[in-house]
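Contents: one structure, followed by commentary.
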Amino acid sequence: MPFEIKPLGVRGRVVRLGAVIDDIVQRHDYPPVVSALLAEAIALTAMLGATLKFEGKFILQTKTDGPVDMIVADFLSPRGVRGYARFNRKKLEALTAPTQQDLLGKGYLAMTVDQGSDMERYQGIVPLDGTTLASAADTYFKQSEQIPTRLRLVSGPLLARGEKTTHWRAGAIMVQHLPAEGGVSPIPFSSGDNPEGEVQVPEDDNWVKAKLLLDTVEDHELLDPMLTTEELLYRLYHEDGVTVYPAGAIIRHCTCSPDAVQKMLKGFSDEDRKDMIEHGEIKVICEFCSTAYRFDPETLEPLSSLSHHGRA
């Protein structure tokens with residue numbers, strides 16, 4: 001749901017994922033801390049990808065030396081999300097109550113806008129060095145977009161009343177300061193050449209207020225299915241007046257199919273395909289949705305496909 005606080009010169013966006021993120025997480029047998037990290041990455045991907053004004057794809061990827069050494073999530077406009085994580089179980093089990101910084105370690109976060117085969121890709125890369133996904137995204141906006149941004153990410157399992165199983169939820173909220181033409185830049189100016197001798201331009205008061213109010217958002221408010229997004233935004237910004245715009249639905253998507261996997265297998269050499277044969281068949285499992293595809297190694301004709309839950 002996009003929104004605007006016009007008196008503050010602020011625009012924003014809220015993403016709250018329920019059944020979609022639960023569907024994605026439940027397709028894997030990830031430890032809870034990995035599921036939580038992936039859920040936040042997908043919420044961030046949905047929030048940024050939903051800003052695309054054309055048919056294309058927004059891709060978020062991390063590559064680090066941490067226990068969770070890779071996360072891939074993408075948003076296919078206008079509303080599809082998917083994602084998966086790769087982790088080292090031994091490294092993970094060696095940690096006690098790991099933070100997000102512990103899980104990610106050092107590396108980078110890449111965000112790519114793919115406008116299709118006929119258009120040039122745009123990619124921004126920021127370091128992950130003892131930082132969270134939210135702080136890395138904040139750095140991205142400062143460096144690549146030159147737009148003052150504040151965002152929050154949260155995820156977690158909820159136990160519904162009367163149920164025995166938990167359901168995952170995730171949320172993200174972002175505000176950006178876009179003052180009217182001629183307004184004061186909210187980013188303090190410093191070239192870094194002579195910081196002591198430079199005149200520092202203070203942050204715009206309206207932007208400071210918008211950030212402070214956003215920082216009061218509690219995790220449960222973004223996750224609570226009983227609290228509507230309109231109610232949440234009213235709690236935050238009713239004093240200055242908040243305008244909300246029509247919300248868009250988000251669904252899980254995946255591009256895998258028997259035909260796509262078959263085409264991929266035909267691209268391998270005969271020797272490589274022989275190495276893939278187990279128990280008289282070639283089995284391929286989609287990293288994103290855990291669907292297992294089985295093929296006859298002689299003809300490469302599909303034998304069957306099965307949505308496989310509980311795969312690491």
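When the square roots of the Cα gyration tensor eigenvalues are ordered a ≥ b ≥ c, the ratio a/c for region 219-312 is 1.5 or more and a/b exceeds b/c, which makes its shape prolate. Could you tell me which of the pairs K6/K211; K63/K91; K6/K142 are separated by over 19 angstrom between their Cα atoms in the structure shown? Check vs 19 Å cut-off fails for K6/K142.
Taking the Cα centre of region 258-307 as origin, work out the dipole magnitude from +1 charges on Lys and Arg Cβ and -1 charges on Asp and Glu Cβ, in debye rounded to 20.
Around 160 debye, computed over region 258-307.
When each of H28, H253 is scored by the number of other beta-carbon atoms lying within 10 Å, the sequence from fewest to most is H253, H28.
Over all other residues within a Cβ to Cβ distance under 12 Å of K63, the charged ones net out to 0, with Lys and Arg as +1 and Asp and Glu as -1.
Of the residues F288, L109, T64, the one whose Cα sits farthest towards the positive end of the charge dipole of the chain is F288 (charges of +1 on Lys and Arg Cβ, -1 on Asp and Glu Cβ, taken about the Cα centre).
For K266, a cut-off of 17 angstrom between C-alpha atoms picks up these lysines, skipping any fewer than 8 places away in its own chain: K274, K283.
Ranked by the mean number of other Cβ atoms within 10 Å of their residues, highest first, the peptides 54-62, 120-128, 84-92 fall in the order 54-62, 84-92, 120-128.
Magnitude of the charge dipole for region 202-312, about its Cα centre and with charges confined to Cβ atoms of Lys, Arg (+1) and Asp, Glu (-1), is about 540 debye.
The local environment of R89, defined by Cβ-Cβ distances under 13 Å, has a net charge of 0 under the rule Lys, Arg +1 and Asp, Glu -1. Among the helices of the chain, those built from whole DSSP H runs whose Cα atoms reach 18 Å or more along their own axis and whose mean Kyte-Doolittle hydropathy is at least -1.0 are 32-49. Please work out the Cα center distance from region 228-261 to region 127-183, rounded to the nearest Å. Centre-to-centre distance over Cα atoms comes out at 13 Å. Computed from point charges on the beta carbon alone (+1 for Lys and Arg, -1 for Asp and Glu), the dipole magnitude for the chain about its Cα centre is near 660 Debye. For the chain, set up a GNM with springs between Cα atoms under 10 Å and report which of G162, G267, G116 has the largest fluctuation. Highest fluctuation of the listed residues: G162.
Springs join every pair of Cα atoms under 10 Å in this Gaussian network model of the chain, and among T45, T216, T99 the largest mean-square fluctuation is at T216.
Each reported figure results from applying straightforward, stated rules to the coordinates on display, with no laboratory input. For clarity, every value in this text was computed on a predicted model and none was experimentally measured. Cβ coordinates were reconstructed from backbone atoms using ideal geometry, including for glycine residues, and neighbour counts include every protein chain displayed.
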